[in-house]
1. Quick one: which bits of the range A:10-29 get at least 30 Å² less accessible when the partner protein chains are in, versus the chain alone, with a 1.4 Å probe?
2. If you roll a 1.4 angstrom probe over the protein chains with everything in place, what fraction of the accessible area of the range B:401-471 belongs to carbon and sulfur, to the nearest %?
3. Do you know the relative contact order of the range B:401-471, to the nearest whole percent, from alpha carbon pairs under 8 angstrom that are 6+ apart?
4. Compute the accessible area per residue over chain B, keeping the other protein chains in place, probe 1.4 Å, unit Å².
5. Over the Cα atoms of chain B, what Rg and Dmax result, in angstrom?
6. Roughly how large is the A-B contact in terms of buried accessible area, totalled over both chains, probe 1.4 Å, nearest 100 Å²?
7. How long are the semi-axes of the ellipsoid equivalent to the range B:48-299, from square roots of 5 times the Cα gyration tensor eigenvalues, in whole Å, largest first?
8. Using a cut-off of 21 Å between alpha-carbon atoms, which lysines can reach A:Lys99, once sequence neighbours fewer than 8 places away in the same chain are excluded?
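The values are calculated or read from the model by the stated rules, or taken from the named source; none is laboratory data. Everything quoted here is computed from the prediction, not taken from an experiment. Note that we place each Cβ from the backbone using ideal geometry, even for glycine, and neighbour counts take in every protein chain shown. When the accessible area is computed, the model is the full protein with side chains, heavy atoms only, and any ligands, DNA or RNA have been set aside. Shrake-Rupley method; radii C 1.70, N 1.55, O 1.52, S 1.80 Å.
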Amino acid sequence: MSANEQISSGREQILGRIRRALQVPAPKRTPHEPAPAADRYAKSLPVIRPEARAWLPPVGEAWAEQMQLFTEQCADLRADFFLCADVAEMEERLAVLAKDCGWQQIATHPGAMTTGAAASLSLPILLIEDGYEIVALEHCDAALTECDALVAQTGSVLITSRSAGGRTLSALAPHHVVLARREQLVPDLTAAFALLTERYRANYPSLMSLVTGPSRTGDIERILVLGAHGPKRLTIFCV
Amino acid sequence: MSTKTPTKPTSQFQNDSERMSLDLRHRTLVQTAMSKYEAVRRGTQGRFQDWQAARQAASETKWEALNHLDQYLEEFVRNTEARGTQVFWAATGEEACAYILDLCRRVEAKELIKSKTMTSEEIHLNHALEAAGYCVTESDLGEYIVQLREEPPYHLVFPAMHLTRGEISDTFTQKLGTPASDSPEELTMIARDVMRAKYLSANVGISGANFAVADTGMISITENEGNARLTTSVPRIHIALLGIEKVLPKLADLALFLPMLATAGTGQALTCYNSLIGGPKQPGEVDGPEEFHVILLDNGRTELLADPEQREALHCIRCGACLNVCPVFRNIGGHSYGSTYQGPIGSVITPHLQGLQEWKHLSAASTLCGACTETCPVGIDLHHHLLRNRRNAAKAQPDRLEQIAYQGFAFVMTRPKLYRQLTRIAPFLQRLHQLINGRRIDPLFGWTQSRNFPEVQPRTFKDYWASRQEMKP
């Protein structure tokens, strides 16, 4: 039997067992009460699961409320968040951060926000492009990336391998710095997934990730330690 | 994996649970951790506008997925294959291990790095890899600690929950030669440094998956440490091993499942990294594995699927909440179960995956308090499934003595006169029994060795009532 035949036989065998198993239907639970219409957060995006919004933690309707919630979530998660008036303020704050942390070298990817911000630091820059050296990235002090969205409900940063310089950059560096725009704030996870569908439906990136605070672990006596394997610090600038 | 001589699961369970429930140090450690979990979870769950409705919806979504499993699996496979993923259907654990070993040989794997996956524990993957001469390292901190100690994970979600920082420090000193430390932060950094080198040198990364999304052909991995992101991105080959029951119909379903998994699992509103992986490095991307393999594992799951009464046990999202609230788990600990999956859900599914008669004792070790059912985010009726396991086990292999006892009981209870006669002589029978009570010759020794029967009252209620009525003027 060839390798291909073996693969297809495994497939047919398992699917056959499933179909035989499902011949006897399982009792269905009584359906839940229909949720009140809660489409109030929906913007122009198609929402596939609007009723979930009536169950999950509330996020408020106005942008300011949602931004307030995002700021609070970041504080709880021990992520540093700065809402900046303009690009100049962002670059100023970034320069202070670089100095305070003593960065020697940073890594970033080409992007509308990252290119200018990285250049403003006058530090050696490792540009993440096809064929970059992973060992060189390991030596960088910080990773400067863009993102797809900020999620108010959970304080998350939505990144993809397209928007944030591939899969490894934002996970390997000890300090992850995110540059975002105000209009990238979305109310909740429902909106975040709707945005992904809208933006990438034709061709999804190989990685899409919700980053919620710096890397952490509680594996030793359930005591919180930041920086288990991923970034020890997460800083988010929003212009 | 430990290579102890295999003992019968029943006697192993009895010995270990007796030993552990007398271990006060262990109990204090687990109770402290669990009360912290309970407090945090209460707060997070309280922020939901309607947790019960969310729970019901999650249950219905899983019902839909499981009851059309063939269609959703085919949709998942079609979508992920279109993006360059190589899918292997493994009917058994052996087939899954063989596929991974073949792959390792083909790509000349040197070192392997792994992020936490209970499914790989189920198929004893590390054992198979090590036997073939490969070096595989667990990258999740808790898993790494128990791997160094050559122990199985203690808990689905918190593998090293049973250890103090002192024991962890000793393990690191013995195995890695690092200086002793009582700071969780320093200990975590030791593991971080070890893994950094491993991510770069390993050419194969192995992960599990929390969900497989049918409509986009992606797997979803939930974690806090970042080790899964690195394990699945840096090595040249990524292999994801998942049970066939992990499939969800739509990407949008995750808006519900991700926060519910986090809330029930650790009490967080959302875990640190929730990553969707849909294929190897795509055209135009800068990095990512050259090959992405998904192994869909059956290994007894279709047996459970074939039982409509207990099919919903496959709804489980492995959050571990039922372990956390279980009074039995809290006293006997995770290792006593002797199975890959511990706690109430382990007691429900292990008999289906590994043999009803050999593992039926797990279903008997329950108070039936229902705390597991109440806490389950996808609404699995856990404690009733334990009862169903007991019933099925007794039906398939009746216990002769038990049958006689129940027939005797029914005989007496359906004959009021005989019952009354027996209650009259019961105090006398009990005095006779006192002669052998708690000794090995006592036919009820299993019960009386650590318990006393309540004393039978000399006068029955009926007699008391009759005399009371007579005394009335």
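1. A:Arg11, A:Ile14, A:Leu15, A:Arg17, A:Ile18, A:Arg19, A:Ala21, A:Leu22, A:Val24, A:Ala26, A:Lys28, A:Arg29
2. Working: 3910 of 6340 Å².
Carbon and sulfur together cover 62 percent of it.
3. Working: 24 pairs, mean separation 18.6, N = 71.
Rounded, it is 26 percent for the range B:401-471.
4. Numbers: 20200 Å² over 473 residues.
For chain B, the per-residue accessible area is 43 Å².
5. Cα radius of gyration and Dmax of chain B are 26.3, 100 Å respectively.
6. Interface between A and B: roughly 7900 Å².
7. Values: eigenvalues 174, 111, 53 Å².
Gyration-tensor ellipsoid for the range B:48-299: 29, 24, 16 Å.
8. Those lysines meeting the cut-off are A:Lys232.
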